[in-house]
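Worksheet: one structure, shown below.
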Amino acid sequence: MGSWRVERLDQLPTALLATIMTKLDISSICSLAVTCRAFNSCASHILSFLPNFHILDISPSMELIKSLLPPNSHLQSLKLDCGQLNDSSIELLLRPSLQELCFHNCADFSGKLLSEIGSRCKDVRSLYLGSVAEKRGRAIHISDLEELLGGCTQLEELNLMFDLSLFLRHNFARVWALASKKLTSLEIGYISSVMATELLSPNVGPYQYPNQIRPSILPAIQKLSLAVDYITDTMVGTISKGLALLTHLELRDAPLIEPRVTFDLTNSGLQQINQHGRLKHLSLVRSQEFLSTYFKRVNDLGILLMADKCANMESICLGGFCRVTDTGFKTILHSCSSLYKLKVCHGSQLTDLVFHDIAATSLSLTHVSFRWCNLLTNHAIKSLVRNTHLKVLDLRGCKNLGDDALAAIGSLCELKMLQLDNSDISDAGIAYLQHGIISSLVSLSVRGCKKLTDKCISVLFDGSSKLELQELDLSNLPNLSDNGVLALAKSRVPISELRMRQCPLIGDTSIMALASMLADDDRGHGSNLRLLDLYNCGGITQLSFRWLKKPYFPRLRWLGVTGSVNRDIVDALARNRPFLHVACHGEELGTDPWNNIDSSYMHDYEELDELEQWLQEGEWESDDEEMEDAEDDADVVVE
């Protein structure tokens, strides 16, 4: 038998190369495509039969999508950020073969997107649509929703992350009767409590005789997540009674005015939860987004009544229960023996006593969040860390926690995510982390910890061990200066998200240091950073923007700056880097960890800088000239 030898990968047979490349994701394919003509040609070919196409880290234009999405009868999963797309791209995007669709930022689409999915993607099983028709002039009609629900007969998971309260009430429930009987998971971005109650009610339908009782419209639902105007007893009772298979229930409201008793949750409503005994995960949160308001009609009695039916609960999240005391919270810990995730937000009467005898329980908590529970002290944390398998610990807004709490936390060798915002810790306390959990941490936030200085950086990152840290929040630290950032840059920690907003001593030197920062596996300067928040940093000038251009920070996707630095330069930077989201008005960048606490430290970031290079090769020179022109104009204004 003859033998043959291949000295270079591009000498492999084309069919073999294609087989190998189909095992890769889009970013890896693009990484190969820029290396040589053979790989580029092969990459262009295999895009016509890839089963999965996922790009959520950038907002590709219509022209780029045309290059990357040729006709492909094998495409089953499509995930896109649609920030630059509109109705004109519908025909290109929607394929009959699709079984999974995930479209974020669909503000420029109209309701036509829904109706076309219903007519073109009849086999889709999982559907996520975000921000549909939120742009002015766009609209969604009830008929669009009707065609979507009636056409997608195989749908199992549906996430409609936009405002559904705009639909006519008298038609809304009737339309949902067309939904797939296989639908087991439903999430709605916003809906009124009255509409939600009517939708899920097993009572008389709008066009039926009084004595004609119907079953629940959505009998197979196991997971339900709703954002509403008010969480009410009626809605909770309807959900608990009508959805017999429910295992996950997440309800969140944000009242615009203080709710009346008929539009509020009381002890009676809590008593109705889990009537069928299948519920494993419960989240009830009253947001403070518009009004500082709480569940004032729920007290310890309501929690006691709920706990009687929730012994098998695995995850509980309670936000805004201001009248629940240690008695109620302790009942949860001692009644729910399978509990591994506990979140409490704005627990104004939660104290250390809840955890005094936690060792007497059989709990093995892995995810714990106590946000803005201001009565907690170091003693609570010392008791809590007896759960040695903790992976997520969120203590934001617990102002009475100090260095002794850090000494206890330092023993949690499996901890991945630690949030300590606005606590009373110091540089000396940070040292307790250096010899313990810092090697396991993937996300750390010390935002607003006023006592911290540059020394905390050198203490944490002395180079003694290889770190996995990807996300670091140093915002609102008045004593953090360029020297601290220089120490961070020298540590070569592969941080992908760095937040330093409202740090008055941070200036251009920090940007230059980060632009030159190298990590062990880097291929370019500053190449690990994907998010950099510099909003309202006092020392940032026009000089920093020269270091924010290509080729520096090649993976940067989110940038927060103060727009008043110079609007022309900010605009020129946005044009120079079209895949970079530049925020100038103080908005928070990235996702909210409260809603993504499980996945926030497990990002598998796609290296889309190669995609950008492949599709935009040759544009750098003209873009750089535009940036220089803007800088020259700014210099003239300054002079």
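The values are calculated or read from the model by the stated rules, or taken from the named source; none is laboratory data. Everything numeric in this text was worked out from a predicted model, so none of it was measured. Cβ atoms come from the backbone with ideal geometry, glycine included; neighbour counts cover every protein chain shown. Keep in mind that these areas ignore ligands, DNA and RNA; they rest on the heavy atoms of the full protein, side chains included. Shrake-Rupley method; radii C 1.70, N 1.55, O 1.52, S 1.80 Å.
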Over the heavy atoms of D357, what accessible area does a 1.4 Å probe trace out, to the nearest 10 Å²? 50
Please get the size of the charge dipole for the range 49-182, origin at its Cα centre, with Cβ charges of +1 on Lys and Arg and -1 on Asp and Glu, quoted in debye to the nearest 20. 300
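Filter the cross-link list K451/K490; K66/K181; K309/K382; K416/K550 down to pairs whose alpha-carbon distance in this structure exceeds 25 Å.
On the way: K451/K490 23 Å; K66/K181 35 Å; K309/K382 30 Å; K416/K550 32 Å.
Pairs exceeding the cut-off: K66/K181; K309/K382; K416/K550.
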Taking H as built 1.01 Å from N, whose amide H comes closer than 5 Å to the amide H of V344, not counting residues under 5 places away? L318, S369, F370, R371
For the range 175-192, Karplus couplings with θ = phi - 60° (6.51, -1.76, 1.60), whole Hz, Gly/Pro x: 5, 5, 5, 7, 4, 4, 6, 8, 5, 10, 9, 9, 10, 10, x, 7, 7, 6
When the C-alpha atoms of the range 71-225 are aligned to their principal axes, what extent does each axis show, in angstrom, from largest down? 53, 34, 23
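Would you please classify the overall shape of the range 410-492 from the alpha carbon gyration tensor, given that a ≥ b ≥ c denote the square roots of the eigenvalues, rounded means a/c under 1.5, and beyond that prolate means a/b larger than b/c while oblate covers the rest?
Working: a/c = 1.61, a/b = 1.18, b/c = 1.36.
The shape class here is oblate.
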As a test question: what accessible area, to the nearest 10 Å², does D300 have when a 1.4 Å probe is rolled over all protein chains in place? 30
Considering only Cα-Cα distances, which of the following residue pairs are longer than 19 Å: K341/K391; K79/K280; K223/K296; K223/K280? K79/K280; K223/K296
Taking θ = phi - 60°, what integer Hz values does the Karplus form 6.51 cos²θ - 1.76 cosθ + 1.60 yield along the range 320-334, in sequence order, with x for Gly and Pro? x, 8, 6, 9, 7, 9, 4, 4, x, 5, 5, 4, 4, 5, 8
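Compute the accessible area per residue over the range 257-409, keeping the other protein chains in place, probe 1.4 Å, unit Å². Working shown, then result.
Values: 5970 Å² over 153 residues.
Accessible surface, normalised per residue, equals 39 Å².
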Quick one: how many Å² of W372 are accessible to a 1.4 Å probe, rounded to 10? 100
³J(HN,Hα), Karplus 6.51/-1.76/1.60, whole Hz, each residue of the range 540-545, x for Gly, Pro: 6, 10, 5, 4, 4, 5
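Can you list, largest first and rounded to whole Å, the semi-axes you get for the range 178-320 by taking the square root of 5 times each eigenvalue of its Cα gyration tensor? Let's see the in-between values first.
Working: eigenvalues 112, 66, 43 Å².
So the three semi-axes of the range 178-320 are 24, 18, 15 Å.
Which of the peptides 380-387, 290-297, 414-421, 156-163 is most tightly packed, and how do the rest follow, judged by the mean count of other Cβ atoms within 10 Å per residue?
On the way: 380-387: 20.4, 290-297: 16.2, 414-421: 22.4, 156-163: 18.5.
Ranking, from highest mean packing down: 414-421, 380-387, 156-163, 290-297.
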